[in-house]
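Asks: Take this structure first; my questions come after.
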Amino acid sequence: MQGGRRMGWAGRVGGSRVGAGRTGWWPVAAVCCGCLAATAQQPSVRSLQQANAAFHAGYAALEAQKLDVARADFARVVKLAPTLPEGHMALGAVLVQLGRVQEAIPELKQALALKPGDAGIRNNLAQAYVAEARSAGSAAAAEAAMEQAVEANPGDPTLEDKLGSLLGQQKQWPQAEAAFRKALALSGAEPGADAGQTALEHMHLGVVLAEEQQMTDAEQELRTATQMQPANAEMAYQLGLLLSREERDEEAVVPLEMAVHAATGVPPGADLALAMSYQRLGRQLEAIPYFEKAVAADPKDASALNNLGLALTETGKAKEAIPYFERALAEKSGDAVLHEDLGVAYIQMSDFAGAIGEFEAAEKLDGKNPELHYDLGLAYKLKDRMDDAVSELKQAAALDPRLPDPPYTLGVLEMQMGRLPEAADALRTALALRPQNGDGWAILGSVLHELHQSAEAERALRRAMELMPSQPGPRITLAAVLAEEGRQAEARELRKQAAELTRVAVNRQRATFSVNAGNQLLLRGQIADAVGRFQEAVAADPGFAEAHRQLALGYERQGRTAEAATERATAARLEAAGGTAAPISAGQQVPEHPNAAQPDAAQPNASQPNLPQPQVSQPGSSQPAKFTPAAVSSAAAVCRAGFRT
């Protein structure tokens with residue numbers, strides 16, 4: 001899967017350390033609030049003062065990465081004040097960083113004995129055991145060492161959590177689940193348990209449950225974690241990944257946005273994950289800056305490079321996209337999908353020779369992929385290599401007879417080449433696979449009209465009218481069929497209807513253009529200009545619900561709440577009556593009205609249909625994408641996003 005991403009352990013045992021210092025250990029100065037505290041078995045005042053001075057000297061050395069000096073200072077603290085847990089904790093932490101784990105563990109255990117249940121000491125002791133386990137060499141030896149640590153310290157939830165993390169890294173999901181559940185049980189039974197550690201255990205359990213495909217339970221654990229620690233970026237990130245994995249991107253962007261905007265601890269993959277969710281939602285303009293951040297963080301990430309290229313292509317910036325596709329290919333030269341996506345960008349630039357080269361390269365890598373044969377066939381057609389185009393489309397149809405677009409496009413090409421019987425056969429096949437294709441019925445009706453098969457032509461054209469009631473083209477063609485049969489009155493009525501529909505289509509086209517222009521102005525913060533364009537759209541087509549909705553948004557930005565409410569109510573009324581599709585966000589382009597007549601054009605011509613354009617493969621699917629008629633700019637609409645390993 002291109003750009004595959006899976007839920008993981010954030011690249012380290014234990015995931016995000018809640019409250020951890022920058023070294024990964026709980027900060028040694030923080031635990032004593034700036035000075036060493038006296039205990040019941042208090043040393044002499046002079047010893048305590050000397051110990052306090054040595055402690056601060058050791059912490060300063062630690063900050064300066066002078067670990068040997070820090071170790072000596074903390075050892076002096078322990079000698080001067082052996083009953084103070086802070087000295088043992090600090091000494092143990094430094095010893096681990098020096099690789100002297102076996103010396104560190106007794107110090108940390110002594111600290112815990114002096115201050116039972118302390119979260120910071122527990123965390124450092126657990127990290128020491130993890131380091132000892134890793135030094136064992138093999139994964140099995142590390143696991144055995146960690147299990148021994150758990151047995152030696154029964155009832156410690158932090159150690160159970162570290163064991164679960166180690167098992168999770170080895171993909172031993174059931175065993176990891178058991179360890180995390182035990183950690184949670186221990187935390188629940190412990191008075192005053194550390195909330196951050198408990199939240200971490202919920203997060204880890206949620207990740208494991210997701211790997212085990214227990215998605216409902218996984219979501220519950222991750223939501224519990226984020227509720228306990230709402231400012232924790234890693235926990236929000238893991239929840240966002242889970243929701244994204246379930247194709248719930250509208251929900252996923254909320255925690256992912258929180259993760260990328262966190263003040264500290266932003267997970268390395270958060271920018272890319274948010275960008276991919278935006279991309280799947282069609283919010284390409286919002287996705288681009290986060291793809292750019294992901295590429296800046298890892299310039300060799302082929303997934304980020306390719307998806308940035310896709311987003312740029314989607315927003316009509318194929319020229320800017322091409323260098324990113326080329327960089328992605330430099331990292332993964334044998335990836336057919338990357339060649340295919342680069343080919344789509346070349347098509348947008350009308351560089352059909354370049355597109356053919358990329359599609360041919362992709363086909364050599366994945367010759368049994370019908371999608372690649374289809375894309376190559378379209379590119380050949382655009383280069384006027386009609387026989388080659390027909391050959392590729394036939395291969396696409398043969399490789400997967402369930403796909404409707406190869407026979408549909410083949411039928412169009414056969415018609416354009418004057419081979420009408422072959423065109424009719426191919427179109428019938430396509431329509432049997434996708435009977436809701438109004439354009440297909442209209443083209444078939446035109447072909448049958450030319451073949452003088454009037455009865456079947458009439459049936460096809462009336463079906464096209466049912467599916468595309470706002471389109472004038474089928475009525476114009478049917479009027480010609482009926483006129484040839486002497487049914488003049490019916491023909492005149494159809495021509496009258498077509499003329500009115502053409503006028504409406506021109507107005508909708510103008511309104512659509514104005515709404516799209518207004519959305520761009522909104523994104524740039526030019527609110528007054530945007531409102532003007534939305535007003536133009538409403539004037540051009542008062543029945544266009546989206547124009548009223550976006551005008552309401554503009555009024556809202558200007559503080560004109562009463563007018564905004566009126567426009568929003570109008571949009572809702574029109575939408576209920578079928579005025580337009582569901583709402584779109586500012587900056588997203590309004591789809592062109594299907595086959596809408598251009599302001600300076602006559603009625604649609606059935607001999608020049610909109611062909612289904614090159615598509616990209618669906619993420620994580622072994623089946624090729626279903627082909628759908630679309631503009632060239634939407635050829636790369638599907639991003640290949642998943643979860644990190």
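Asks: Residue by residue through the range 464-483, note down the ones that are in a helix (DSSP H, G or I) and in contact with a Ser or Thr (Cβ under 7 Å, 6 or more places away or on another chain).
Replies: Thr477, Val481
Asks: Exactly one of (1) at pLDDT 50 or above; (2) within 22 Å of Ala131 (Cα to Cα); (3) in contact with a helix residue (DSSP H, G or I) (Cβ under 6 Å, 6 or more places away or on another chain) is unmet by Val18. Its number?
Replies: (1)
Asks: Just one of Ala273, Ala263 is open to solvent by 10 Å² or more (accessible area, probe 1.4 Å) and out of contact with any strand residue (DSSP E or B) (no Cβ under 7 Å at 6 or more places or on another chain); which is it?
Replies: Ala263
Asks: Next up: Of everything in the range 522-565, what is open to solvent by less than 20 Å² (accessible area, probe 1.4 Å) and either of a type in the set (A, V, I, L, M, F, W, C) or outside any helix (DSSP H, G or I) (or both)? Give them in sequence order.
Replies: Leu522, Ala530, Val531, Phe534, Ala537, Asp541, Phe544, Ala545, Ala547, Leu551, Ala552, Ala564, listed by residue number.
Asks: Within the range 508-521, how many residues are surrounded by fewer than 20 Cβ atoms within 10 Å (Cβ to Cβ), aliphatic (A, V, I, L, M) and in contact (Cβ under 8 Å) with a residue 40 or more places away in the chain?
Replies: 0
Asks: Name the one entry in Glu251, Glu221 that is more than 29 Å from Lys115 (Cβ to Cβ), surrounded by fewer than 24 Cβ atoms within 10 Å (Cβ to Cβ) and of a type in the set (D, E, K, R).
Replies: On inspection, the qualifying residue turns out to be Glu251.
Asks: Could you tell me whether Gly240 is over 22 Å from Gly188 (Cβ atoms), without any contact (Cβ under 8 Å) to a residue 40 or more places away in the chain and among the small types (Gly, Ala, Ser)?
Replies: yes
Asks: Is it fair to say Pro191 is outside any helix (DSSP H, G or I), modelled with pLDDT under 75, more than 23 Å from Tyr237 (Cα to Cα) and open to solvent by 10 Å² or more (accessible area, probe 1.4 Å)?
Replies: Considered against the rule, which asks whether it is outside any helix (DSSP H, G or I), modelled with pLDDT under 75, more than 23 Å from Tyr237 (Cα to Cα) and open to solvent by 10 Å² or more (accessible area, probe 1.4 Å), Pro191 comes out as yes.
Asks: All but one of (1) open to solvent by less than 70 Å² (accessible area, probe 1.4 Å); (2) farther than 28 Å from Gly411 by Cβ; (3) assigned to a helix (DSSP H, G or I); (4) of a type outside the set (Lys, Arg) hold for Leu461; which doesn't?
Replies: (2)
Asks: Search the range 348-361 for residues being over 18 Å from Pro406 (Cα atoms) and within 28 Å of the chain's Cα centre (by Cα), and hand back the single one that is least open to solvent (accessible area, probe 1.4 Å).
Replies: So the residue we want is Ala355.
Asks: Residue pairs, Cβ under 6 Å, 6 or more apart or interchain, first in the range 489-507 and within 16 Å of Phe544 (Cβ to Cβ), second among the aliphatic types (A, V, I, L, M) and not in a helix (DSSP H, G or I). List them.
Replies: Ala505/Ala596; Ala505/Ala597; Val506/Ala597
Asks: Next question, about the same structure. Among the residues that make up the range 282-296, is at least one of them outside any helix (DSSP H, G or I), of a type in the set (D, E, K, R) and open to solvent by 10 Å² or more (accessible area, probe 1.4 Å)?
Replies: yes
The values are calculated or read from the model by the stated rules, or taken from the named source; none is laboratory data. The structure displayed is predicted, hence computed values, not measured ones. Cβ coordinates were reconstructed from backbone atoms using ideal geometry, including for glycine residues, and neighbour counts include every protein chain displayed. Surface accessibility is based on the protein's heavy atoms, side chains included, excluding ligands, DNA and RNA. Shrake-Rupley method; radii C 1.70, N 1.55, O 1.52, S 1.80 Å.
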